[in-house]
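*Asks:* Dropping the structure in here first, questions after.
The values are calculated or read from the model by the stated rules, or taken from the named source; none is laboratory data. Because the structure is predicted, anything quoted here is derived from the model rather than measured. Counting neighbours? That spans all protein chains shown, and the Cβs are built from the backbone with ideal geometry, glycine included.
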Amino acid sequence: TVITNHMPTQELQALDAAHHMHPFSTQDALAKRGARVITRADGVWITDSDGNRIIDGMAGLWCVNVGYGRDRLADVASRQMKELPYYNTFFMTTHVPAIALSQKLAEVAPGDLNHVFYAGSGSEANDTNIRMVRTYWAQKGKPDKKVIISRKNAYHGSTMAGASLGGMSGMHAQGGLPIPDIHHIDQPNWWAEGGDMSPEEFGLERARQLEQAIHDLGEDRVAAFIAEPVQGAGGVIVAPDTYWPEIQRICDKYEILLIADEVICGFGRTGNWFGSQTLNIRPHIMTIAKGLSSGYQPIGGSIVCDEVAEVIGACEFNHGYTYAAHPVAAAVALENLNIIEEEGIIEHVRTDIGPYMKELWTGLMDHPLVGEAKIVGMMGSIALTPHKESRARFAAEAGTIGYITRERCFANNLVMRHVGDRMIISPPLVMTRDEADILIERARKSLDEAY
Ligand code: PLP
């Protein structure tokens with residue numbers, strides 16, 4: 001059989017359930033109901049096999065920053081495939097897309113983050129980071145500095161190492177995770193865990209868990225701290241204002257490496273090139289992927305500061321992926337960065353659609369189900385609650401209300417994700433005000449129906 005977009009939806013769904021194993025899904029549920037089949041996309045809209053036009057409040061998986069349907073990216077990919085479809089940068093070779101993209105990333109990255117080690121994805125890049133920071137300390141004569149401190153409910157990928165760095169208990173429960181020498185502290189989620197503390201007190205308390213962990217583990221054993229500037233898959237958790245300055249102080253004081261996982265926050269999402277700039281963080285390494293190519297090609301990497309790159313560069317770093325710095329992916333990523341720059345997409349987020357969306361998003365707080373509403377640039381979350389004043393949770397069936405709301409969004413042609421009792425958005429950055437209005441209208445309708 002030739003399988004095309006024109007086949008009836010049910011046939012496509014049956015074939016899909018029969019042979020395609022989906023990530024983070026229950027295969028039985030797919031067999032019963034069938035997955036939504038996405039056939040095409042343009043701008044902020046995706047279309048399914050029944051012809052529904054759906055507003056993509058998640059930019060795919062937080063990645064299609066410049067929106068769908070960019071001919072420029074397709075053309076660059078086609079040109080590059082014809083000229084040099086594949087080569088690698090192992091063993092004293094290189095190619096122009098790798099050189100040009102690295103130069104561009106060094107230009108847009110803050111401070112002395114001037115060097116790029118490529119990977120095929122964010123997970124792979126975080127694997128690189130673990131090996132890189134441990135190798136860095138070993139090269140400096142401190143091989144015992146191996147422990148990487150991360151946070152509960154963080155998401156850093158699905159590989160053994162990425163999921164170990166991550167703090168998702170559901171992931172740790174499967175497959176023998178975490179790997180050794182990874183330690184997790186609590187996340188700065190004031191709404192759910194702040195108790196009677198003010199957000200400011202709570203931010204400090206959570207940040208100081210890093211200092212406590214360094215004391216407990218031993219300063220001479222801790223290699224690095226890794227965190228997302230704004231925790232994404234954990235529910236778009238925006239830390240209280242006191243949190244990041246204190247984390248920065250602690251990393252500086254104990255001279256541990258700071259890794260900012262910018263896989264979601266990078267490339268305009270928070271209103272700057274990187275979330276680290278928005279939150280005033282000075283990382284030694286940034287993990288990048290997703291918005292780097294707006295998802296048009298799989299590519300990720302680590303942007304590394306001068307000093308770490310120098311130490312690593314002095315030894316042979318026995319690490320690399322076949323598809324790292326893939327010429328087609330690199331060429332597409334570079335063109336994507338050019339689009340972001342030429343169209344002023346970051347300014348659009350910072351000064352236009354970001355503030356507009358913030359007004360609409362925080363306006364949802366008047367809904368009886370919505371407790372807090374948080375948004376940074378174009379990544380936002382709302383906490384669903386049965387009782388706002390006490391910040392009560394839907395305890396007995398945690399997640400159920402989120403699931404119901406997500407299903408209502410689905411029915412109302414809006415992609416909005418849920419994490420437990422938080423609903424989250426991360427739409428394409430090119431969204432217009434009219435489209436933001438539609439997103440909020442559909443979100444409100446879905447909340448009404450879930451209530
Ligand atoms: N880091 C963060 C912060 C992410 O959100 C993700 C993916 O969602 C990853 C790493 C993993 O990236 P990938 O799915 O490209 O492996």
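*Asks:* Considering only residues of the range 150-206 that are away from the ligand (no atom under 15 Å from the Cβ) and β-branched (Val, Ile, Thr), which is nearest to Val222 (Cα to Cα)?
*Replies:* Ile185
*Asks:* Could I ask something else about it? Return the pair list, or none, for Cβ contacts closer than 8 Å from residues in the range 389-407 that are more than 17 Å from Glu372 (Cα to Cα) to residues that are basic (Lys, Arg) and modelled with pLDDT of 90 or more, at least 6 apart or on different chains.
*Replies:* Every condition considered, the pairs that remain are Arg406/Arg417.
*Asks:* Report every pair of residues separated by at least 6 positions or lying on different chains whose Cβ atoms are under 6 Å apart, first residue within the range 203-226 and more than 15 Å from Arg249 (Cβ to Cβ), second hydroxyl-bearing (Ser, Thr, Tyr) and buried (at least 22 other Cβ atoms within 10 Å of the Cβ).
*Replies:* Ile226/Ser150
*Asks:* Anything in the range 207-229 that is part of a strand (DSSP E or B) and within 10 Å of Val147 (Cα to Cα)? List them, or say none.
*Replies:* Those that are part of a strand (DSSP E or B) and within 10 Å of Val147 (Cα to Cα): Val222, Ala223, Ala224, Phe225.
*Asks:* Continuing with the same structure: Restricting attention to the range 210-223, does a residue exist that is at positive phi and at pLDDT 95 or above?
*Replies:* Among the residues of the range 210-223, at least one is at positive phi and at pLDDT 95 or above, which makes the answer yes.
*Asks:* For the range 274-287, which positions are surrounded by fewer than 24 Cβ atoms within 10 Å (Cβ to Cβ) and within 16 Å of the ligand (Cβ to nearest atom)?
*Replies:* Hits for the range 274-287 are Thr278, Leu279, Ile281.
*Asks:* Go through Thr89, Thr93 for me and flag whichever is without any contact (Cβ under 8 Å) to a residue 40 or more places away in the chain and either more than 16 Å from the ligand (Cβ to nearest atom) or more than 22 Å from Ala309 (Cβ to Cβ) (or both).
*Replies:* Criteria check complete, one pass: Thr93.
*Asks:* Moving on to the next point. Exactly one condition in (1) over 24 Å from Glu205 (Cβ atoms); (2) in contact with a helix residue (DSSP H, G or I) (Cβ under 7 Å, 6 or more places away or on another chain); (3) touching a residue at least 40 places away in the same chain (Cβ under 8 Å) is false for Gly266; which is it?
*Replies:* With respect to (1) over 24 Å from Glu205 (Cβ atoms); (2) in contact with a helix residue (DSSP H, G or I) (Cβ under 7 Å, 6 or more places away or on another chain); (3) touching a residue at least 40 places away in the same chain (Cβ under 8 Å), Gly266 is out only on (3).
*Asks:* Are there any pairs with C-beta distances below 6 angstrom linking a residue in the range 59-83 that is on the phi > 0 side of the Ramachandran plot to a residue that is assigned to a helix (DSSP H, G or I) and buried (at least 22 other Cβ atoms within 10 Å of the Cβ), with the two at least 6 apart or on different chains, and if so which?
*Replies:* Matching pairs, first to second residue: Trp62/Lys290.
Conditions tested, residue by residue: (1) of a type in the set (D, E, K, R); (2) modelled with pLDDT of 95 or more; (3) within 23 Å of the chain's Cα centre (by Cα).
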residue	(1), (2), (3)
Ile99	no, yes, no
Glu107	yes, yes, yes
Pro110	no, yes, yes
His115	no, yes, yes
Ala119	no, yes, yes
Ser164	no, yes, yes
Met171	no, yes, yes
Ile185	no, yes, yes
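*Asks:* Suppose the filter is out of contact with any Asp or Glu (no Cβ under 8 Å at 6 or more places or on another chain), over 29 Å from Val44 (Cα atoms), at pLDDT 95 or above and not in a helix (DSSP H, G or I); does Asn272 pass it?
*Replies:* Against the criterion (out of contact with any Asp or Glu (no Cβ under 8 Å at 6 or more places or on another chain), over 29 Å from Val44 (Cα atoms), at pLDDT 95 or above and not in a helix (DSSP H, G or I)), Asn272 does not qualify.
*Asks:* Could you check the range 259-273 and list, in sequence order, the residues that are of a type outside the set (Val, Ile, Thr) and either surrounded by fewer than 22 Cβ atoms within 10 Å (Cβ to Cβ) or farther than 17 Å from Asn126 by Cα (or both)?
*Replies:* Of everything in the range 259-273, those that are of a type outside the set (Val, Ile, Thr) and either surrounded by fewer than 22 Cβ atoms within 10 Å (Cβ to Cβ) or farther than 17 Å from Asn126 by Cα (or both) turn out to be Phe267, Gly268, Arg269, Gly271, Asn272, Trp273.
*Asks:* Out of (1) crowded, with 23+ Cβ neighbours inside 10 Å; (2) at negative phi; (3) assigned by TED's automatic domain parsing to the domain that holds Gly268, the odd one out for Ala325 is which?
*Replies:* Among (1) crowded, with 23+ Cβ neighbours inside 10 Å; (2) at negative phi; (3) assigned by TED's automatic domain parsing to the domain that holds Gly268, Ala325 violates only (2).
*Asks:* Looking at Gln297, Gln248, can you tell me which residue is within 15 Å of the ligand (Cβ to nearest atom), surrounded by fewer than 24 Cβ atoms within 10 Å (Cβ to Cβ), among the polar types (S, T, N, Q) and in the same structural domain as Met132 (by TED's automatic domain parsing)?
*Replies:* Gln297
*Asks:* A further question follows. Looking at Glu83 and the list (1) of a type in the set (Asp, Glu); (2) more than 21 Å from Ser294 (Cβ to Cβ); (3) surrounded by 16 or more Cβ atoms within 10 Å (Cβ to Cβ), which single condition is not satisfied?
*Replies:* Glu83 satisfies every listed condition except (3).
*Asks:* Which is among the aliphatic types (A, V, I, L, M), free of Cβ contacts under 8 Å to residues at least 40 places away in the same chain and more than 30 Å from Leu101 (Cα to Cα), of Met365, Met357?
*Replies:* Answer to the selection: Met365.
*Asks:* Ok, one more. If I ask for residues that are over 23 Å from the mean Cα position of the chain (by Cα) and either polar (S, T, N, Q) or within 16 Å of the ligand (Cβ to nearest atom) (or both), which ones from the range 123-148 would you list?
*Replies:* Hits for the range 123-148 are Thr135, Gln139.
*Asks:* So, one more: Of everything in the range 64-114, what is touching a Phe, Trp or Tyr at 6+ places or on another chain (Cβ under 6 Å) and assigned to a helix (DSSP H, G or I)? Give them in sequence order.
*Replies:* Scanning the range 64-114 gives Leu73, Val108.
*Asks:* Of all residues in the range 412-435, count the ones that are within 21 Å of Pro355 (Cβ to Cβ) and in contact with a Phe, Trp or Tyr (Cβ under 6 Å, 6 or more places away or on another chain).
*Replies:* Adding up the residues that qualify gives 2.
*Asks:* Condition test on Gly170, is it out of contact with any Gly (no Cβ under 9 Å at 6 or more places or on another chain), small (Gly, Ala, Ser), assigned to a helix (DSSP H, G or I) and free of Cβ contacts under 8 Å to residues at least 24 places away in the same chain?
*Replies:* yes
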